[in-house]
Amino acid sequence: MGWKRVRTDLVHDGPFVSLYRDQVMRPDGRPGTYEHVAVDDGVRVVAFNRSRQIAMVEDDFYLQQRRVLHLPGGGTGGQDPRVAALRELEEETGIVADDLRALGVIDPLPAVTAARTHLFLATGLRPGTVHRDDTEAGMTVRWTTMERALKAVEDGVITEAGSVAALLLAERALRTAA
């Protein structure tokens, strides 16, 4: 690793996001400044039911200024990613999964944050209880097939990085398991 941190200053410390400004030595030996964000790791869950459909959620996103179709998930809140994935799935969709399989991990914004997104495939689905927070008040659940979900990725309808990666990995996992 060619980067060396000389000093770290906390610029902002909020309930969900902290912003840091580091004084660094760059790989070429010159001094510099590097700003980065600290947030919890995230999770995304491909919940696949017996009818071969996937649970998607759609919600209003402030920064995108539009409704975004994505897989259930969110921040880990410091929990083990598996525990957080099961929690987020139930909170957002009212679905409990009996089986959870890790699909992989991605670094969605490696130049901005060290936070990673853990991707899971959930099966053995049964009813649970929805527990959405205030920011998810307008969230809706939509069921779709894997084929339609992948077409939505191709068409630019599903753009959230964790959802795109999880759908591609889940499709591969389901195809090789068949």
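The values are calculated or read from the model by the stated rules, or taken from the named source; none is laboratory data. Since the model is a prediction, treat every value here as computed from it, not as a measurement. Ideal geometry is used to build each Cβ from the backbone, glycine not excepted, and the neighbour counts take in all protein chains shown. Remember, those area values only see protein heavy atoms, side chains included, never the ligands or the DNA or RNA. Shrake-Rupley method; radii C 1.70, N 1.55, O 1.52, S 1.80 Å.
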* Asked: Any idea which of Arg126, Arg148 is loosely packed, with under 13 Cβ neighbours inside 10 Å and within 25 Å of Ala177 (Cα to Cα)?
  -> Arg126
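Scan the stretch 2-11 and give yes if some residue there is aromatic (Phe, Trp, Tyr), free of Cβ contacts under 8 Å to residues at least 40 places away in the same chain, in a strand (DSSP E or B) and more than 23 Å from Gly124 (Cβ to Cβ), otherwise no.
Scanning the stretch 2-11, I find no residue that is aromatic (Phe, Trp, Tyr), free of Cβ contacts under 8 Å to residues at least 40 places away in the same chain, in a strand (DSSP E or B) and more than 23 Å from Gly124 (Cβ to Cβ), so the answer is no.
Please go through the stretch 101-132 and pick out each residue that is outside any strand (DSSP E or B) and of a type outside the set (Gly, Ala, Ser).
Matches in the stretch 101-132: Asp107, Pro108, Leu109, Pro110, Val112, Arg116, Thr129, Val130, His131, Arg132.
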* Hey, any hits in the stretch 64-75 for a residue that's surrounded by fewer than 11 Cβ atoms within 10 Å (Cβ to Cβ) and not basic (Lys, Arg)? -> yes
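If I ask for residues that are in a strand (DSSP E or B) and either of a type in the set (Val, Ile, Thr) or open to solvent by 50 Å² or more (accessible area, probe 1.4 Å) (or both), which ones from the stretch 77-100 would you list?
Within the stretch 77-100, Ile95, Val96, Asp98, Asp99 meet the criteria.
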* Looking only at the stretch 1-13, count how many residues are open to solvent by less than 90 Å² (accessible area, probe 1.4 Å) and modelled with pLDDT under 95. => 1
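One line per residue, one yes/no per condition, for (1) more than 18 Å from the chain's Cα centre (by Cα); (2) under 30 Å from Glu35 (Cβ atoms); (3) of a type in the set (S, T, N, Q):
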| residue | (1), (2), (3) |
| --- | --- |
| Leu86 | no, no, no |
| Asp99 | yes, no, no |
| Gly128 | yes, no, no |
| Asp133 | no, yes, no |
* **Selection within the stretch 155-176 - within 14 Å of the chain's Cα centre (by Cα), surrounded by fewer than 17 Cβ atoms within 10 Å (Cβ to Cβ) and not in a helix (DSSP H, G or I)** => Thr159
* **Cβ-Cβ under 6 Å pairs, at least 6 apart or on other chains, the stretch 115-139 side touching a residue at least 12 places away in the same chain (Cβ under 8 Å) and farther than 22 Å from Ala166 by Cα, far side among the β-branched types (Val, Ile, Thr) and crowded, with 18+ Cβ neighbours inside 10 Å** => Gly128/Ile95
* When the stretch 21-40 is examined, which residues are found to be open to solvent by 60 Å² or more (accessible area, probe 1.4 Å) and assigned to a strand (DSSP E or B)? -> Arg21, Met25, Pro31, Thr33, Tyr34, Glu35
* Tell me which residues, restricted to the stretch 29-63, are farther than 30 Å from Thr123 by Cβ and without any contact (Cβ under 8 Å) to a residue 12 or more places away in the chain. => Gly29, Arg30, Gly32, Tyr62, Leu63
